[in-house]
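Before I ask anything, let me first share the structure, which is written out below as structure tokens.
Each value in this text was obtained by applying a stated rule to the coordinates, not by laboratory testing. This is a predicted model, so every value here is computed, not measured. Every residue, glycine as well, gets a Cβ built from its backbone with ideal geometry; the counts of neighbours run over all protein chains shown.
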Amino acid sequence: MKNVNFFLLLFLTFAGFQLQAQQVRYVDMVFDDYEVQTTVYGNNYTVLTVPLTGSTTLRPLLMDIYTPPAEDMETERPIVLYFHTGNFLPHPENGSTGGTMKDSTVVEIASRLARMGYVCGVVDYRKGWNPLASTQEERTNTLINAAYRGVQDARTAVRFLKKSVAEEGNPYGVDTTRIAAWGQGTGGYISFATTTIDEYLDIVLPKFIGQDITGDGNPDPMVLQPIHGNPDATSLGINPLNGDTLCLPNHTEGYGSEFDLCVNMGGALGDTSWIDAGDNPFISFHVPTDPFAPYTEGILIVPTTNEQVVEVQGSYLVAQKANDLGNNDIFVMADIDDEVTDVANSRNDGLEGLYPLLGSNPLDSGPWEWWNPETNENHESGLQTNPDMSAEKARTYIDTIMAYYAPRACAALALPCSPLGTNDNLLDAGQVGLVTAPNPATDVVYLQTNPEYPITDILLYDVSGRLVQSQFNISENDIEIQRRDLSSGTYFARLRFEEGMLVQKIIFK
């Protein structure tokens, strides 16, 4: 009997190892636990104190950093920067059930990402605008500036991480060539804008032009760089009328502020003119009947007052333009075939990267959200749009979101789990000691690997999957990829080794 029990235990242990071996990092939750720590990623001025003190106030910018448990041996992990919802106002004054770094949905998704092997930074961004303004122009003015500050804080967070890698020994174990911006609700405005605004002039559009405040007799943009700082928050912004500081530069040592993938759950884009060929891929989740943020195009509505603000474009039009420009072609190239994709494709009119989620009622704009009815001050108002709210319902939607996100992120971020080249043995960049620099590059990218992992072949593809360059029978550890006549944009280098292959994203400026 003892022998039977021993062999049964041995079988169950082996079966457990087999089950664990079938799990794929960045696709499955390969860890049972995670760790979280809070850090200050910068300091900047908030407008929330203006009604009380008459001036802006310097405040720390916080980030909750979720990581896999300490036993994780990977030291260069992709990172998701997560931006919560909340109407660009503090909770509970925002009238919403959410609006903090500790919201149930935020913690659920951030912890899942960490257990999948990612690092997830939940970013606290500056808030403040006037939804109760008497005119639509003032509401638009204060809101576009709130979103602009969100973009500045998002890009400050990117530079903070890049600086931590370059100057502090990479304390969070991140790969800053693989950064995703993930926005939930209001945070979707940030993830959309921060990955599409290339320069200040992008936001100088007729709908964002207001009154003459410079005194030259002409209407002025609602956002002015000398007053509000540049989009990267690397320049000082001061209001000359009262001396208030509106933007304080952080981490200006030359680190870039770029993201590599955009994810949104709801929210909208200020204008689709911001999307250019070669921009990041988009993975979008949106309830088509969302009453506040349009699925296609419409006037943004203040959730608490139903006042109109400004015309914006939603996930459908974003996906449409991204597909037209080829920015989401990486998903076509990946040829992802699963049940979740089948459901998305039955609803999205063939737009890759778009998952239209069906709410449980016509007013359901965030079916992935839930809260504690006993402690949340806005519980009753939350039930008006999410009457069947529950943790079980929200997690069911989140299950779908993560299942659709995972393989597309693997492809877009060129992770070892990438569906590209699944017939090969996929290697990890850390495993072969791959160093890619500079990236982004102007003319040439240098690749270097450990001596025991010489590169045998290189196949360079554009985002549509077209082979644009190739090098065969190399068997060297130091390789150059010349730009030649390639246009600016993102490319994917499939590197072959004797032991397998990996995919590395290359960007030419």
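For E392 and E498, compute 0.36 nm times the residue count separating them, minus their Cα-Cα distance, and round to one decimal in nm.
Values: separation 106, 0.36 × 106 = 38.16 nm, distance 4.68 nm.
Full-extension gain reported as 33.5 nm.
What would the Debye equation give as log₁₀ I(q)/I(0) for region 104-194 at q = 0.14 Å⁻¹, counting only Cα atoms as equal point scatterers?
After summing over all Cα pairs, the log10 values are -0.60.
Turning to a different aspect of this structure: Say the dipole of the chain comes from +1 at the beta carbon of Lys and Arg and -1 at that of Asp and Glu; which of G86, S315, S273 then lies farthest toward its positive end?
Farthest towards the positive pole: G86.
Still on this structure: Scanning the chain for helices, which whole DSSP H stretches are 27 Å or more long along the axis (Cα) and average 0.5 or more by Kyte-Doolittle? Walk me through the numbers before you get to the answer.
On the way: long enough: 2-22 (30 Å, 0.87); 136-168 (46 Å, -0.77); 391-412 (30 Å, -0.04).
The answer, listed by residue number, is 2-22.
Taking the Cα centre of region 131-247 as origin and charging only Cβ (+1 Lys, Arg; -1 Asp, Glu), how large is the dipole, in debye to the nearest 20? Could the numbers behind the result be given before it?
Numbers: 8 positive and 14 negative charges, 83 e Å.
Using Cβ point charges on Lys, Arg, Asp and Glu, region 131-247 gives about 400 debye.
What fraction of the DSSP beta bridges in the chain is antiparallel, stated in percent and rounded to the nearest 5?
Values: 51 of 77 bridges.
The antiparallel fraction comes to roughly 65 percent.
At a threshold of 8 angstrom on Cα-Cα distance, excluding pairs fewer than six apart, so keeping six or more, what relative contact order does the chain reach in percent? It would help to have the intermediate numbers written out before the result.
Numbers: 1129 pairs, mean separation 59.0, N = 509.
Here the relative contact order equals 12 percent.
In addition: If eta is 1.002 mPa s and T is 20 °C, what Stokes-Einstein diffusion coefficient results for region 18-169, Kirkwood Rh from Cα pairs, in µm²/s?
Numbers: Rh = 17.2 Å.
The calculation lands on 125 µm²/s.
Separate question: Would you work out which of A394, A110, V30 lies farthest towards the positive end of the dipole of region 22-412? Charges go on Cβ: Lys and Arg +1, Asp and Glu -1.
A110
On to the next question. What distance in nm separates the simple spin-label points at K509 and D216, each placed 7 Å from Cα in the Cβ direction?
My value for the distance between the label points is 2.9 nm.
If you average the sequence gap of Cα pairs under 8 Å that are 6 or more apart and divide by the length of region 215-320, what percent do you get for the contact order? Provide the component values of the computation, followed by the final result.
Details: 164 pairs, mean separation 19.1, N = 106.
Once divided by the residue count of region 215-320, the mean separation gives 18 percent.
OK, next. Take the Cα radius of gyration of region 429-508 and divide it by 2.2 N^0.38 Å, with N its residue count; two decimals is plenty.
Numbers: Rg = 11.7 Å, N = 80, 2.2 N^0.38 = 11.6 Å.
Rounded to two decimals, the normalised Rg is 1.01.
Here's another thing I want to ask about it. Enter the mean projected area of the convex hull around the alpha-carbon atoms of the chain, in nm², rounded to one decimal.
For the chain, averaging the hull's shadow over all directions gives 27.5 nm².
State the Cα centre-to-centre distance between region 468-497 and region 359-381 in whole Å.
49 Å
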